[in-house]
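So the structure is just underneath, and the comments pick up after that.
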Amino acid sequence: MGQYIHGQTLIQAFENWAPKKLAFENDKIGLQIGTLNKKVKKVMVTLDVLENVADEAIEKNVDLIFAHHAVIFRPLKDIRADSGQGKIISKLIQNDIAVYVAHTNLDVAEGGINDMLAQKLGLTNSQILKPTYTEPLYKLSVFVPESHAAQVREALGSAGAGAIGNYSHCTFNIQGTGTFLPEEGTNPYIGEKGKLEQVSEVRVETIVPESLLNRTVNKMISSHPYEEVAYDVYPLDNQGKTFGLGRIGELPEAVTLKELAENVKERLDLDGVRVTGDLDSKVKKIAVSGGDGNSLIPFAKYKGADVIITGDVYYHTAHDALLHQLNVIDAGHHIEKVVKEGAKQYFEEVIQSSGCYDTTVIASSANTNPFIFI
């Protein structure tokens, strides 16, 4: 029997990278077809799920398709096996191929689509272009006997609590006296039933992001010697990590807009790009967005970008960009195909770390770009 990773395990690991809470409201993400409750021998990563992708998955005995764009985006009136989306869905169901979708949550995530593009294009000092989500922070306070304070502090830090800037394991400690009276049915670590106890304790405080709160509390409790652990959790007004759409960074040195367009075409393996602006103008500060970049034009201009590279720009939006002296390179929505390489690498790392070495990950070779350059 091979060592294959379970579908739920694989996706749970992925959602630590790009949690669903980062997705935009009403975005169609998550499991769309089939089940994750199975061992996965082969994963295929794709940008889109079209019929040629489904056929490729069947031919290559794929168990799970990971896609950036949803196979089911609008409500379906029917699922016919002989036409339209129904044909794709029927093929996948008949061959027990699950489809999991990560869209705007993977656009926004750190290391996601936009970071992949920024890296491909050689941008430095990359930052978020448009913030969309700030993670809530919590203060966790726990009361622990002095003899076990170091042990509990280590558990908190190893769970990821106490990270402030480039510092980890940050806590504040106050010594005091704890009192308690063990009653019938208890098995106290310290003290006797029916006798009021006074114990030298330490109040350990630390800061925890929402995404790590449950794990931190569980690790803290498991490391604590008491049968019943006294702790408090407080929501904070402090701002946690910020996530968002697009990225803005700099090229190592200024180039002409024409040179940049040619470089984009080469680095992203494109047949062509559309450009607005003076081709001879020098550009250095670059904004990038994988999908529809129309709403990001004002943010790119406000943050001082010389040019925005994106997947879709409307005709009149291009006019607006020209009026604001912002150059545009419309490289087509298909530039998001960088997901195939990036997600494949991530899943391979998860599989290796889990010890399930027999599960394989492949990138779809099917062409899903609907446009042909003549």
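Full-extension gain between Asp96 and Asn263, please, as 0.36 nm times their residue separation minus the C-alpha to C-alpha distance.
Difference between extended and current length: 56.0 nm.
Which listed residue (Ser295, Val204, Thr134) has the Cα farthest towards the positive end of the charge dipole for the chain, taking +1 on Lys and Arg C-beta and -1 on Asp and Glu C-beta about the Cα centre? Projecting each Cα onto the dipole axis, the largest value belongs to Ser295. Taking every C-alpha pair closer than 8 Å and separated by at least 6 residues, the mean separation divided by the residue count of the range 134-241 gives a relative contact order of 47 percent.
Remark: the chain carries a charge dipole of roughly 400 debye about the Cα centre, counting +1 on each Lys and Arg Cβ and -1 on each Asp and Glu Cβ.
Using C-alpha pairs below 8 Å separated by at least 6 residues, the relative contact order for the chain is 21 percent. Highest mobility in the GNM of the chain, judged by mean-square fluctuation with C-alpha springs under 10 Å and restricted to Phe299, Phe180, Phe66, is found for Phe180. Structural descriptor for the range 281-374: relative contact order 22 percent, calculated from alpha carbon pairs under 8 angstrom and at least 6 residues apart.
With runs of 4+ DSSP H residues as the only contributors, calculate the mean residue ellipticity of the chain at 222 nm using -39,500 (n - 2.57) per run, divided by the residue total and rounded to the nearest 500.
Calculated mean residue ellipticity at 222 nm is -8500 deg cm²/dmol.
Within the listed set Val204, Val71, Val108, the Gaussian network model of the chain (springs between alpha-carbon atoms below 10 Å) gives the highest mean-square fluctuation for Val204. The calculated FRET efficiency for the pair Asp271 and Ser141, based on their C-beta separation and a Förster distance of 51 Å, comes to about 0.30.
Inter-part distance, the range 105-155 to the range 204-259, computed on C-alpha centroids, equals 4 Å. Paramagnetic label reach from Phe73 (point 7 Å along Cα→Cβ; backbone nitrogen cut-off under 17 Å): within the range 269-301, residues 290-295. Each 10 Å bin, from zero up to the one with the longest distance, holds this percent of the alpha carbon pairs of the range 134-241: 15, 45, 27, 11, 2.
Grab the beta carbon distance between Ser295 and Asn166, set R0 = 35 Å, and tell me the FRET efficiency rounded to 0.05.
Step by step, r from the Cβ atoms, then E = 0.60.
GNM on the chain, alpha-carbon springs under 10 angstrom: the most fluctuating residue among Gly178, Gly112, Gly165 is Gly165. Just name one of Gln325, Gln352, Gly342: the one whose Cα is farthest towards the positive end of the charge dipole of the range 317-357 (beta-carbon charges, Lys/Arg +1, Asp/Glu -1). So the residue furthest toward the plus end is Gln352. Inter-label distance, Glu197 to Gln119: 5.1 nm, where each label sits 7 Å from its Cα along the C-beta direction.
Straight-line reach from Lys285: taking Cα to Cα under 17 Å and skipping same-chain neighbours fewer than 8 places apart, the lysines in range are Lys120, Lys130, Lys258, Lys301, Lys303. Could you work out the pair-distance distribution P(r) of the chain from its alpha-carbon pairs, with 20 angstrom bin width and percents rounded to whole numbers? It works out to 24, 44, 25, 6, 0, in whole percents.
Of Gly304, Val45, Ala261, which is farthest on the positive side of the dipole of the chain, counting Cα position, with +1 on Lys and Arg Cβ, -1 on Asp and Glu Cβ, and the Cα centre as origin? Farthest towards the positive end: Ala261.
Using the Cα centre of the range 134-241 as the reference point, and only Cβ charges (+1 on K/R, -1 on D/E), how large is the resulting charge dipole? Debye, rounded to the nearest 20. Intermediate results must be reported in sequence, preceding the final value.
On the way: 8 positive and 14 negative charges, 72 e Å.
I would put it at about 340 debye.
A DSSP coil position with no more than 12 other Cβ atoms inside 10 Å describes the following trypsin sites (Lys or Arg not before Pro) in the range 195-293: Lys195.
The dipole here belongs to the range 23-121: it is taken about the Cα centre, uses +1 on the Cβ of Lys and Arg and -1 on the Cβ of Asp and Glu, and is about 320 debye.
Bear in mind that the values in this text are calculations on the coordinates, not laboratory data. Quick caveat, the model's predicted, so the values are computed rather than measured. No Cβ is skipped: glycine too gets one built from the backbone with ideal geometry, and neighbour counts run over all protein chains shown.
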